[in-house]
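Reviewing the structure listed below.
The values are calculated or read from the model by the stated rules, or taken from the named source; none is laboratory data. Computed from a prediction, not measured in an experiment: that's the story for all the values here. Cβ atoms come from the backbone with ideal geometry, glycine included; neighbour counts cover every protein chain shown. What goes into the accessible areas is simple: the full protein's heavy atoms, side chains included, and nothing from ligands, DNA or RNA. Shrake-Rupley method; radii C 1.70, N 1.55, O 1.52, S 1.80 Å.
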Amino acid sequence: MKLGLKLIVLTFFGLSASLANAGLITINWTADNSNIGLDVCDTTLSPDPYTSPGCTELVATSTFPNAGNWTVADTTTVSLDSGEYWFIFNASNVTGPAAFLAEIITNIGTVLTGSSWEVSPNGTNWFGATTFGDNSGDPNVWSDIAGISGDAQWIWDSVYNDDNYEAMYLRTRVSVPEPGTLALLGLGLAGLGFSRRKIAS
């Protein structure tokens, strides 16, 4: 009984901490060779970015201390209301696009760059991303980037990748949970632990 009660109390405090940052998103990213910007678009208002309304620039070029140095990741944290969003990165390379690497961390999981992402030369026509290898020190691709998961894949576009396409858009969908969803999950886990303890007794 005491163990079950203790589990509920610990879950409650852990849940309270989660609720306080329910919409806090951390993004770690880099691109060969520069990061230009990051927009976020509400998918219910903008099913195909960049159509208005629904898109907001979250990060401008001036906030990237490591822009132009792909060997060091940039990090930014943003707060969003619950919902479903497009995260759209704009990256460039003056001698033609090369590669992009990122992780987006939310309270319910981490979104890593990979083949599920989409790329576009103009922000209108989107294609499945091409992967070049993961961030775990593969000698055949870019070197290991500290601060980004080793499971994240280097991605770009296998078609629009010459000197005629110096900029590239990259996007993925990210879910920001309702605080109530986190609360129900926490209470459910607490109840499960309490019921198991009761049965064991």
*For the subset of the stretch 24-39 comprising residues that are at pLDDT 85 or above and open to solvent by less than 30 Å² (accessible area, probe 1.4 Å), which member is farthest from Leu101 (Cα to Cα)?*
Ile25
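Conditions tested, residue by residue: (1) exposed (fewer than 14 other Cβ atoms within 10 Å of the Cβ); (2) modelled with pLDDT of 85 or more; (3) under 21 Å from Leu38 (Cα atoms).
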site	(1), (2), (3)
Ile104	no, yes, yes
Ser115	yes, yes, yes
Val159	yes, no, no
Leu170	no, yes, yes
Thr181	no, no, no
